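Colleague: Sharing a structure, written as structure tokens. Questions coming.
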Amino acid sequence: EIEKIDTKTSSKGNDYLAFTLSVIEGDYAGRKLWDNFHIWHPSTQTVEISQRRIGTLFKAAGFASMGQTDDLLGKQVRVRVAVRPETDKYQAQNEVKDYRSNGQPTPPVSAAATASRKPEADPWTVAA
């Protein structure tokens, strides 16, 4: 379940979206996962990757198109996780690799709501 979404700033001064997810079932229920989306990064490639990934997250949450990230709060999705191996600098850690639908439909966003939303309000449309 998507529990929290924050805007943070990296050590290099780039803003990004930081998602906190809570595992709600299975052997790891109650544990947290974190995923970051670097949609304001100076690298065009990094921004494109983050836009694709956040688009996948919106689709997994049942939305036909991307909307406001706050619309994702409380949504449940399936997450594929891999363990990033330990290095000299970091301990082994979980890494979110993909998002999938959990099979529960989400009502579509109304045409009126979509038409009234200003594109510049979407965080991924802000130029770096």
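Colleague: Debye calculation, C-alpha points only, no solvent: report log10 I(q)/I(0) for the range 28-103 at q = 0.14, 0.16, 0.18 Å⁻¹, in the same order as the q values.
Modeller: One equal scatterer on each Cα of the range 28-103 leads to -0.54, -0.69, -0.85.
Colleague: Still on this model: Grab the Cα-Cα distance for Lys97 and Thr44, subtract it from 0.36 nm times how many residues apart they are, and report the gain in nm with one decimal.
Modeller: Values: separation 53, 0.36 × 53 = 19.08 nm, distance 2.03 nm.
Net length gain for the segment: 17.0 nm.
Colleague: Multiplying the sequence separation of Leu33 and Glu3 by 0.36 nm and subtracting their Cα-Cα distance, what value in nm do you get?
Modeller: Values: separation 30, 0.36 × 30 = 10.80 nm, distance 0.99 nm.
Between Leu33 and Glu3, full extension yields 9.8 nm more.
Laboratory data are not the source of any read-out in this text; all were calculated from the coordinates shown. What you are looking at is a predicted structure, and each value in this text was computed from that prediction instead of being measured.
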